[in-house]
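Note sheet for the following structure.
Nothing in this text is a laboratory measurement; each read-out follows from the coordinates by a stated rule. Just so it is clear, the model here is predicted, and its values are computed rather than measured. As a convention, Cβ positions derive from the backbone with ideal geometry for all residues, glycine included, and neighbour counts pool all protein chains shown.
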Amino acid sequence: MKKSIPEYFYAVYRSPLGPLYLLGSSKGLVSLCFTKQSFDLMLKQHFSGVKPVRSEQQFRSLVKQLDAYFKGRPVKFVFTADILSGTEFQRAVWGKLSELLPGQLTTYGSLAREVKRPKSSRAVGQAVGANPLPIIIPCHRVISSSGKLGGFTGGISLKKKLLSIEGIKL
């Protein structure tokens, strides 16, 4: 019996920060990218030969949540993920990030302890940076133990803007 291939959909969400590129499958949300270039590169690297269909309908629930988020309301994103990448360690880190409450910060060291790898702060940082669903899995809420912002896929200025939307000033 031939394994069914999920259909892929995409939409461009017009956020106050600029367009966000959403990719989903029939199984759930796959990726959120900050630029068209990163979206195209992600498709090329991980979905060679896949031609996603544009469909805002597939993202209607997520768009409502993003609208509330960008209006400054505390949002705990509710979604089904279809994350096709990541090691077991990365998935554990992303799972812990998903548990953060709106506006709640954590540190790389704290995440390392939570995933039972207390000496792996750098590996946690790499896992955080590989998060395929930034904003939704709130990797922007991770800072260094010194209170510095650390890195962010979309750049530090975008991280500051996201934290500001949540009422966090650093």
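So what is the relative contact order of the chain, in percent, for Cα pairs below 8 Å that sit 6 or more residues apart?
19 percent
Figure the gain on full extension for Ser144 and Ser85 (residue separation times 0.36 nm, minus the Cα-Cα span) and round it to one decimal in nm.
Between Ser144 and Ser85, full extension yields 18.7 nm more.
Taking Cα pairs under 8 Å and at least six residues apart, what relative contact order does the range 8-70 come out at, in percent?
Averaging sequence separation for qualifying contacts and normalising by length gives 35 percent for the range 8-70.
Determine, at each q value in 0.08, 0.13, 0.15 (inverse angstroms), the log₁₀ of I(q)/I(0) that the Debye formula gives when each Cα of the chain is one equal point scatterer.
Debye intensities relative to I(0), on a log10 scale: -0.24, -0.64, -0.85.
Taking +1 at the Cβ of each Lys and Arg and -1 at the Cβ of each Asp and Glu, which of Ser145, Tyr8, Tyr21 sits farthest along the dipole of the chain towards its positive end, judged by Cα position relative to the Cα centre?
Ser145
Using only DSSP helix segments of four residues or longer, with each worth -39500 (n - 2.57), what per-residue ellipticity at 222 nm results for the chain after dividing by its residue count and rounding to 500?
-10000 deg cm²/dmol
Take the chain, connect every pair of alpha-carbon atoms lying under 10 Å apart with a spring to form a Gaussian network, then pick out the residue of Pro118, Pro132, Pro102 with the largest mean-square fluctuation.
Pro118
Jot down the per residue volume, in cubic angstrom and as a whole number, of the convex hull over the alpha-carbon atoms of the range 8-70.
74 Å³
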